[in-house]
Amino acid sequence: MPLAHIFFDHISTTPLDPRVLEAMMPYLTEWYGNPSSHIHDQGQRAVQAVDAARAEVARFVNANPQEIVFTSGSTEANNLAIKGAAAACAKKGKHLVVSEVEHFSVLNALPPLRNRGYEVTTLSADSDGKVDPDDVRRAIRPDTVLVSVMHANAEIGTIEPIGEIGRITREREVLFHTDATASAGHIPLDVREAGADLVTLSAHNFYGPKGTGALVVREGVRLDSQIDGGFQEMGFRAGTENVPGIAGMGKAAAIASSEMGEWASHLRRLEKRLRDGIASSVTHLHFTGHPTDRLPGHVSFWVEYAEGESLLLFLSVHGVMAASGSACSSNLKGRDEEDLVASHVLRAIGVPSDICTGSITFSMGKGNTEQEVDHVLSVLPGIVRRLWEMSPTYLDYQKKILQGG
Ligand code: PMP
C-alpha cells in the first residue's frame, strides 16, 4: 500500500489555492513592473494589482483600503505593531500589556523594548487558554499604550474574547492589537466589531502565498516604521512591494470571504469525527484548548507519558503530518535548551510538566476528508502504546499501579 500523505498541519501553513496561483501568475511573468514606477504601463499595472488586493483584504476584515499595510508576513506585522506603536506613543507612556500565550513574534519583540525602559504586564490564561477581559481592565494603567491579545491560538485552537477586550481598550483609550494569523480566513473577523486598532494577517494561513501578510492599521493610529527606506505602504513599511504575493493575498481573501462558512461546516464535521475517535481509542488523554470556542478543524491534545516529538515522528512514518507543542520544535535549539519540555502555551495552561512532554496539534484544511481522519484514527492508538512501551516513566507508573501505589 502506498504511504499515506495526510496533511493535518494547516495551522503552520496551507496549500496555495490554484485560483490564487492563477491570480498571481501575470505578475510573475507579463506584468513585472514596480508600483513606484507608476509613470509607465508596467508600473501602472503593478499599482492596479496592489490597489485591487488592498480593497479585497480590506473587505475581508471590514477595514478601509487605506488601513491595509502589506508586509512580508505575520512576524513582520507583529513587530511593526508592537515596536511601532511603542515608539510612536512613548510620550504617552511606556507600558504594554500582552498575554502569555502569544506567538514568539509578539513575545520576542518585547525584550528590546524592556531594554529601552518599557514595562510589560503579562496576562495569564486559564486552563483552556482564555484570557480574562477583566484582567485586561485591571492591567491597564495611565501610562499603558498598547494591549496585545491574539484572536486565536495556533497550538491549542482557543478563540480569545477580542470583542470584549476591544470594548475595554476603547473605553480606556489604549491601542488594541490582535494577532489574527491563525484565525483569519477560518472564522469571521470584523476589525470594527472587535474594536481593534491593529490586526495582523498572514496570507499563507488562508490558502495564499508565503511571504505576504498585512497589518491593519486603523485610520489615525500612529506607528513608527521599523524599516528605513522609501515611502511605500503609506510610509509604514519601506521596500518594493511583493506584487505577485499581494495579488495572491487579495485573491485568497476574496475566496475566503465567500467560502469560509462552507469550509467551517466541513471542518467542524471532521473535527468531531477525529475528536470523538481519539477520545474513544486513547486513554490517559487530555484535550487542550477551549472545548467549543475553538478554530474549526483543530484538535489538540496530550497523552500522559507519550512524548510529543516522538508521536509526531511516528505519525509521520505513517504518512500523517501534524505539529507538536513542545519547545524542541519551537526554535529553542541553539540556545542551549535542547531538552524536550512543554511549550510556553502548554505551561501557561498548567499542564503538569512531569507527565506532559509535549502535545499534538492536528489542524485540518478544506481539502481533508473523512477517510483521512479514519486513517489517523487507525494508527494513533498503536503509536501511543508503542511510545508507552518505550517510556521509562510510563513503565515506572505501571509498576506503581501494580504495587497498588
Ligand atoms: N502569529 C501566530 C499566531 C502564528 O501562529 C504564527 C506562525 N504561523 C505567526 C504569528 C508568525 O507567522 P509567520 O512565521 O508566517 O511570519
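Which one is nearest to the ligand (Cβ to nearest atom) among residues in the range 185-216 that are assigned to a strand (DSSP E or B) and within 21 Å of E171 (Cβ to Cβ)?
Checking each candidate, the answer is V199.
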Among (1) open to solvent by 10 Å² or more (accessible area, probe 1.4 Å); (2) under 27 Å from N62 (Cα atoms); (3) more than 16 Å from the ligand (Cβ to nearest atom) - the single one T122 does not satisfy: (2)
Just checking, does the range 160-178 include any residue being in a strand (DSSP E or B), away from the ligand (no atom under 16 Å from the Cβ), under 30 Å from F362 (Cβ atoms) and open to solvent by 30 Å² or more (accessible area, probe 1.4 Å)? no
Could you say whether any residue in the range 72-86 is of a type in the set (V, I, T), open to solvent by 10 Å² or more (accessible area, probe 1.4 Å), touching a helix residue (DSSP H, G or I) at 6+ places or on another chain (Cβ under 9 Å) and touching a residue at least 24 places away in the same chain (Cβ under 8 Å)? yes
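Yes or no, residue by residue, for (1) modelled with pLDDT of 95 or more; (2) open to solvent by 60 Å² or more (accessible area, probe 1.4 Å); (3) part of a helix (DSSP H, G or I):
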| site | (1), (2), (3) |
| --- | --- |
| I255 | yes, no, yes |
| K272 | yes, yes, yes |
| G277 | yes, no, yes |
| H286 | yes, yes, no |
| P291 | yes, yes, no |
| P296 | yes, no, no |
| V299 | yes, no, no |
| Y305 | no, no, no |
Within the range 160-198, which residues are under 11 Å from the mean Cα position of the chain (by Cα) and among the hydrophobic types (A, V, I, L, M, F, W, C)? A180, A182, A184
Selected residue (criterion: farthest from the ligand (Cβ to nearest atom)) from residues of the range 77-117 that are touching a Ser or Thr at 6+ places or on another chain (Cβ under 8 Å) and over 21 Å from E160 (Cα atoms): G93
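The values are calculated or read from the model by the stated rules, or taken from the named source; none is laboratory data. Because the structure is a prediction, the values reported are computed rather than measured. Note: ideal-geometry Cβ built from the backbone for every residue, glycine included; neighbour counts use all protein chains shown. To get the accessible areas, we keep the full protein, side chains included, count just its heavy atoms, and leave off ligands, DNA and RNA. Shrake-Rupley method; radii C 1.70, N 1.55, O 1.52, S 1.80 Å.
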